[in-house]
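Okay, so here's the structure we're looking at.
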Amino acid sequence: MITISGLTKVYESRGRQVTALDGVDLHVREGEVFGVIGQSGAGKSSLIRCVNLLERPTSGTVVVDGVDLTALAGKGRRAGKDLRRARSSIGMVFQHFNLLSSRTVQDNIELPLEILGVSGAERSRRALELLDLVGLADKAKAYPGQLSGGQKQRVGIARALAGEPKVLLSDEATSALDPETTRSILQLLRDLNRQLGLTVLLITHEMDVVKTICDSAALMEKGRVVETGTVGELLATPGSRLATELFPVGGAATGPDRTVIDVTFHGETATQPVISQLSRTYNIDISILGAAMDTVGGRQIGRMRIELPGRYEENVVPVGFLREQGLQIEIVEPQDEARGAAEGEQAEARDARQDESQIDKQDAAPAATAPALVKDGAR
């Protein structure tokens, strides 16, 4: 549905060039929810704005539903008729809602249809239908200022669907919401994906978003895609950074003659007592150093770090047994354990410094501000 090839975006800033996207290649299949994750500055926002050409790429191509949007861009700043027509199949949901405060909820949803020249009666019918779809049928005459953040985002989603798009772009749509509201909006996006057959491309910096609704994901760093695939494939890929972030497990070997293994469970294996079977079959004591289990895309998936007595050469058969059960196995090298332990110590030291700094600030605060500090802490 979406194919991005060699996409580059370079901005001019104070006489120098800043590369936001550096040769990005990405493919989003029809009907899937695809998440692009990365830290601030990774290029996520530039990428999603280039998909509908709100930002014009410096080079590369963007093909949506078989149409090369970059070929329709032209040389002027304003979008031509052909590009506007192609954009009508792409809806976009923004982080900060972008609703017009002077218009009612219904009028906000009707706005894109008004621009497209749709008749008043049809605009009204479509807006009310969409409000019912997003669970706000009773808010048609309300104004944005009368709505909660989650309700505003539902209006934003309804407005994005007004033109009956095939693709929905979500630009950090949940990052301004509280956790409970975030879950409800994510569930709504998943429901719309299934009910309407929408292809959803979302960007986020939150791993829980990917874990909750994404079929596939890509990790971006410094304007490049460094890892991509279905969530299942990523979890099954040894050394996958996304898998490690989605299901972090830790723990170092308790001695030099130990084998530490990361085991990934998915599908039927997630509910089978494989570890206890291994222990009974080979009469070995197994230590569980860490574990994480969750539901991803409606399937239970988890990772576990276990320790077996003896070196790897002595555990080839037990490891083979685990692989025969359909589990993904990754041997944790000693240097990885040392690195993990060092990172843990650094994190603890950093947290301790932050705690000390906070205490110093509170101690240094004037007495008159003490009630405010207590009130903030309670809140």
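Which of the following residues is out of contact with any helix residue (DSSP H, G or I) (no Cβ under 8 Å at 6 or more places or on another chain) and modelled with pLDDT of 90 or more: Gly150, Gly76, Gly156, Gly91? I'd like the intermediate steps shown before the answer.
Numbers: Gly150 fails: out of contact with any helix residue (DSSP H, G or I) (no Cβ under 8 Å at 6 or more places or on another chain); Gly76 fails: modelled with pLDDT of 90 or more; Gly91 fails: out of contact with any helix residue (DSSP H, G or I) (no Cβ under 8 Å at 6 or more places or on another chain).
Of Gly150, Gly76, Gly156, Gly91, the one residue that is out of contact with any helix residue (DSSP H, G or I) (no Cβ under 8 Å at 6 or more places or on another chain) and modelled with pLDDT of 90 or more is Gly156.
For region 214-251, a residue qualifies if it is in a helix (DSSP H, G or I) and surrounded by fewer than 22 Cβ atoms within 10 Å (Cβ to Cβ), and the qualifying residues are Gly232, Glu233, Arg241, Thr244, Glu245. Only one of the listed residues (Lys222, Lys211) is in the same structural domain as Leu21 (by TED's automatic domain parsing), of a type in the set (Lys, Arg) and at pLDDT below 90. That residue is Lys211.
Within the option set Thr58, Thr3, being surrounded by 14 or more Cβ atoms within 10 Å (Cβ to Cβ) and over 27 Å from Asn193 (Cα atoms) holds for one residue only, Thr58.
Could you please let me know if Ile288 is within 30 Å of the chain's Cα centre (by Cα), under 27 Å from Leu235 (Cβ atoms) and modelled with pLDDT of 80 or more?
Values: within 30 Å of the chain's Cα centre (by Cα): yes; under 27 Å from Leu235 (Cβ atoms): yes; modelled with pLDDT of 80 or more: yes.
When the stated conditions are applied, Ile288 passes them.
If you go through region 149-180 and keep only what is among the polar types (S, T, N, Q) and crowded, with 19+ Cβ neighbours inside 10 Å, you end up with Gln151, Gln153, Ser170, Thr174.
Is it fair to say Ile261 is outside the structural domain of Asn193 (by TED's automatic domain parsing) and over 14 Å from Val332 (Cα atoms)? Here the answer is no, as Ile261 does not meet what is asked.
Within region 95-147, the set of residues being over 21 Å from Leu169 (Cα atoms), among the hydrophobic types (A, V, I, L, M, F, W, C) and loosely packed, with under 13 Cβ neighbours inside 10 Å comprises Ala121, Ala137.
Of all residues in region 1-52 being among the acidic types (Asp, Glu) and part of a strand (DSSP E or B), which is modelled with the lowest pLDDT? Only one residue fits best here, namely Glu12.
Put simply, of Leu201, Leu177, Leu242 the only residue that is within 15 Å of the chain's Cα centre (by Cα), at pLDDT 85 or above and not assigned by TED's automatic domain parsing to the domain that holds Ala162 is Leu242. Checking Phe321, Phe265 one by one, the residue that is of a type in the set (Phe, Trp, Tyr) and assigned to a strand (DSSP E or B) is Phe265 and no other.
The values are calculated or read from the model by the stated rules, or taken from the named source; none is laboratory data. Keep in mind it's a predicted model, so treat the numbers as computed, not measured. Note: ideal-geometry Cβ built from the backbone for every residue, glycine included; neighbour counts use all protein chains shown.
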